[in-house]
Number of protein chains: 2
Amino acid sequence: MNRQELINLINKKQSFLCVGLDSDITKIPQHLLKEEDPVFEFNKSIIEATLPFAVAYKPNLAFYESNGIKGLISLKKTIEYLANKRQECFMIADAKRGDIGNTSKQYAKAMFSKEGDFDFDAITIAPYMGKDSVMPFLDFPNKWVILLALTSNEGASDFQYIEDRNGTALFERVLSVSQQWNTSKENLMFVCGATKAEKFTDIRKIAPEHFLLVPGVGAQGGSLKEVCKYGLNKDCGLLVNSSRGIIFADTSEDFDKVAKEKARQIQEEMSLYLKNI
Amino acid sequence: MNRQELINLINKKQSFLCVGLDSDITKIPQHLLKEEDPVFEFNKSIIEATLPFAVAYKPNLAFYESNGIKGLISLKKTIEYLANKRQECFMIADAKRGDIGNTSKQYAKAMFSKEGDFDFDAITIAPYMGKDSVMPFLDFPNKWVILLALTSNEGASDFQYIEDRNGTALFERVLSVSQQWNTSKENLMFVCGATKAEKFTDIRKIAPEHFLLVPGVGAQGGSLKEVCKYGLNKDCGLLVNSSRGIIFADTSEDFDKVAKEKARQIQEEMSLYLKNI
């Protein structure tokens, strides 16, 4: 999915909600455990319920890898299921990969090709290893890198806020340097956590047009209103993720209905903010 | 495998060689492609041939993930095969993972438990997300985190050398700050690339006792002699990796004999350096 198609989808659904499929098998509704592939059945129901209100899905690979090969088969089935709706949603591999060039090339093949069994639109990448760890992903047309800039966790302060001699914080350098790598707003997004919404002012100075993937709203304490106040741009420019707040809002047999209602509430709030851009 | 067992193994084999299993299916000997699982057959032969001369094996997960579920089954079989020799080698998942706490906990389960289908001794981690992205891995007894400090690729210069107001480079901060995280030389190593051997003097000032995993010798241009000159400590303190220089040294039916000879040559050189510590 390219940038214009994503913007069109946001306008059509009046939503920039990304649903995080952190589908922890120990947290899904008990009644699904009797199914042959409980995680896939769970994802399918969540997707069916939330698709009218969400523009993106973001499986977190850790929650599949932790179930071994079986978990990755659940993920493969989920991606195939989503691929049938690919005009309706943007598919993000939350994988936090990144390695030297010849290795990143293999990760790109893993996430962006049929040989790798997954066919995501985008992947999250850690920037520590620099340019050649990022570029191989962009050799795939219409695929995206979502580079970690400012994350939503406590450990973000260990390195991301460190300032150089000119007062530029590491996350600010990631935002600016990566734009010099023969990338563009057509294939590069940034992860910017919602827990420090006021930082979006600084972020928008450096990356006014890029899409930002925003985790941390909901369970991690970030405010959607604040994020939108400082982060929205004329094309929207945000994908705001909610995982636990939607998918585990209820664990009864009605979990999908409750997830739908939670997604609908967020979409409704988002539609108000979209009116003002 | 704990630190003392690793040191004992190094002393016994007079080697600190780590063989990188970057087992790219497009580069393995052609005659293996007729096997049911060519990558596993390749790994088995390489391990059999090099085990007398190597103390560690490091499958690079990208090269398995790029073959999809099938690739991960090859990896699972490789790890099970290695696990039968676990007194004889240290097993490293070269995975460059790292995410917020609840997600890193899942990655730890993926790499360090039977549920996750893999039972590695150690995993490589990118430090960008800080303390809570690292600690969940250390909840597993006798398992190790190998944190990226200074990598061997060109992109290392994009962020790792950036100095703060006091002249401390980011990689130096990673080395020092991570030692304050309730870690120890018993469960934390660092990745330090061989391509800038003189940097090992600075690294050893900050981390005199920790083991360092050193990629970049061989195909990437680093010198074993230089790395040892500046990097060895009284317990050895190094695991030097070679991937392509051993596993793809030959692609005929004699590939394993050539790999064995390459590993033997490196071990012989290493044994000389070990005499002087």
> Quick one: which of A:Met1, A:Met91 is modelled with pLDDT of 95 or more and part of a strand (DSSP E or B)?
Replying inline: A:Met91
> Quick one: how many residues across segment A:58-82 are open to solvent by less than 30 Å² (accessible area, probe 1.4 Å) and not in a loop (DSSP other than H, G, I, E, B)?
Replying inline: 16
> Here are A:Asp94, A:Asp121, A:Asp99: which of them is away from chain B (no Cβ under 11 Å), under 23 Å from B:Ile100 (Cα atoms), buried (at least 18 other Cβ atoms within 10 Å of the Cβ) and not hydrophobic (A, V, I, L, M, F, W, C)?
Replying inline: A:Asp121
> Just for segment A:106-118: of the residues that are in a loop (DSSP other than H, G, I, E, B) and without any contact (Cβ under 8 Å) to a residue 24 or more places away in the chain, which one is surrounded by the most Cβ atoms within 10 Å (Cβ to Cβ)?
Replying inline: A:Gly116
>> Please go through segment A:232-277 and give me each residue that is farther than 22 Å from A:Phe90 by Cβ and of a type in the set (Val, Ile, Thr), ordered by number.
In response: A:Thr251, A:Val258
>> For segment A:40-52, which positions are open to solvent by 30 Å² or more (accessible area, probe 1.4 Å) and either in a loop (DSSP other than H, G, I, E, B) or at positive phi (or both)?
In response: A:Pro52
> Which residues, taken from segment A:111-164, are charged (D, E, K, R) and at positive phi?
Replying inline: A:Asp117
>> So B:Met189 ticks every box in (1) in contact with a Leu (Cβ under 8 Å, 6 or more places away or on another chain); (2) assigned to a loop (DSSP other than H, G, I, E, B) but one. Which box is left unticked?
In response: (2)
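Residues are listed down the side, and each one gets a yes or a no for (1) within 27 Å of B:Leu224 (Cβ to Cβ); (2) β-branched (Val, Ile, Thr); (3) in contact with a His (Cβ under 9 Å, 6 or more places away or on another chain); (4) in contact (Cβ under 8 Å) with a residue 24 or more places away in the chain:
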{"residue": "B:Leu33", "(1), (2), (3), (4)": "no, no, no, no"}
{"residue": "B:Ile46", "(1), (2), (3), (4)": "yes, yes, no, yes"}
{"residue": "B:Lys58", "(1), (2), (3), (4)": "yes, no, no, yes"}
{"residue": "B:Glu65", "(1), (2), (3), (4)": "no, no, no, no"}
{"residue": "B:Ile73", "(1), (2), (3), (4)": "no, yes, no, yes"}
{"residue": "B:Thr78", "(1), (2), (3), (4)": "yes, yes, no, yes"}
{"residue": "B:Asn84", "(1), (2), (3), (4)": "no, no, no, no"}
{"residue": "B:Gly98", "(1), (2), (3), (4)": "no, no, no, yes"}
>> Out of the residues in segment A:229-253 meeting the condition of being part of a helix (DSSP H, G or I) and open to solvent by less than 10 Å² (accessible area, probe 1.4 Å), tell me which one is nearest to A:Glu268 (Cα to Cα).
In response: A:Ile246
> Name the residues in segment A:127-136 that are within 7 Å of chain B (Cβ to nearest Cβ) and either open to solvent by 10 Å² or more (accessible area, probe 1.4 Å) or part of a strand (DSSP E or B) (or both), would you?
Replying inline: A:Lys131, A:Asp132
>> Between A:Ser242, A:Ser223, which is within 23 Å of A:Thr151 (Cβ to Cβ), among the hydroxyl-bearing types (Ser, Thr, Tyr) and modelled with pLDDT under 95?
In response: A:Ser223
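Residue-wise test of (1) facing chain B (nearest Cβ under 10 Å); (2) modelled with pLDDT of 95 or more; (3) over 21 Å from B:Ile125 (Cβ atoms).
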{"position": "A:Thr103", "(1), (2), (3)": "yes, yes, no"}
{"position": "A:Ala110", "(1), (2), (3)": "yes, yes, no"}
{"position": "A:Gly116", "(1), (2), (3)": "yes, no, yes"}
{"position": "A:Leu150", "(1), (2), (3)": "no, yes, no"}
{"position": "A:Gln160", "(1), (2), (3)": "yes, yes, no"}
{"position": "A:Glu163", "(1), (2), (3)": "yes, yes, yes"}
> If you scan segment A:2-26, which residues turn out to be more than 30 Å from A:His210 (Cβ to Cβ) and surrounded by 14 or more Cβ atoms within 10 Å (Cβ to Cβ)?
Replying inline: A:Asp24, A:Ile25
> Would a scan of segment B:199-213 turn up a residue that is in contact (Cβ under 8 Å) with a residue 60 or more places away in the chain and either over 15 Å from the mean Cα position of the chain (by Cα) or assigned to a helix (DSSP H, G or I) (or both)?
Replying inline: no
> Does A:Ile28 fit the bill of being more than 22 Å from A:Glu80 (Cβ to Cβ), in contact with a Phe, Trp or Tyr (Cβ under 8 Å, 6 or more places away or on another chain), touching a residue at least 60 places away in the same chain (Cβ under 8 Å) and among the hydrophobic types (A, V, I, L, M, F, W, C)?
Replying inline: no
>> If I filter segment A:137-165 down to residues being among the aliphatic types (A, V, I, L, M) and part of a helix (DSSP H, G or I), which single residue comes out as surrounded by the fewest Cβ atoms within 10 Å (Cβ to Cβ)?
In response: A:Leu138
>> Checking the condition under 25 Å from A:Pro127 (Cα atoms) and within 18 Å of the chain's Cα centre (by Cα), which residue from B:Cys192, B:Cys236 passes?
In response: B:Cys192
> Looking only at segment B:189-222, which residues are open to solvent by 40 Å² or more (accessible area, probe 1.4 Å) and either in contact with a Pro (Cβ under 8 Å, 6 or more places away or on another chain) or more than 12 Å from B:Ser152 (Cβ to Cβ) (or both)?
Replying inline: B:Glu198, B:Thr201, B:Asp202, B:Lys205, B:Ile206, B:Pro208, B:Glu209
> Going through segment B:41-86 one residue at a time, which ones are basic (Lys, Arg) and either within 20 Å of A:Asn102 (Cβ to Cβ) or within 14 Å of chain A (Cβ to nearest Cβ) (or both)?
Replying inline: B:Lys58, B:Lys70, B:Lys76, B:Lys77
> Restricting attention to segment A:262-273, which residues are of a type outside the set (Lys, Arg) and crowded, with 17+ Cβ neighbours inside 10 Å?
Replying inline: A:Ala263, A:Ile266, A:Gln267, A:Met270, A:Tyr273
> Of the numbered conditions (1) farther than 19 Å from A:Phe53 by Cβ; (2) without any contact (Cβ under 8 Å) to a residue 60 or more places away in the chain, A:Gly216 satisfies every one except a single condition; which is it?
Replying inline: (2)
> How many residues are open to solvent by less than 30 Å² (accessible area, probe 1.4 Å) and not in a helix (DSSP H, G or I) when one looks only at segment A:169-186?
Replying inline: 3
> Quick check, is A:Lys85 in a helix (DSSP H, G or I) and over 24 Å from B:Ser133 (Cβ atoms)?
Replying inline: no
> If we keep just the residues of segment A:176-220 that are over 21 Å from A:Ala56 (Cβ atoms) and in contact with a Phe, Trp or Tyr (Cβ under 7 Å, 6 or more places away or on another chain), which is modelled with the lowest pLDDT?
Replying inline: A:Glu198
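The values are calculated or read from the model by the stated rules, or taken from the named source; none is laboratory data. Keep in mind the model is a prediction, meaning the values are calculated, not measured. Neighbour counts are summed over all protein chains in view; Cβ atoms, including those assigned to glycine, are modelled from backbone coordinates with ideal geometry. These accessible areas exclude ligands, DNA and RNA; they are computed on the full protein's heavy atoms, side chains included. Shrake-Rupley method; radii C 1.70, N 1.55, O 1.52, S 1.80 Å.
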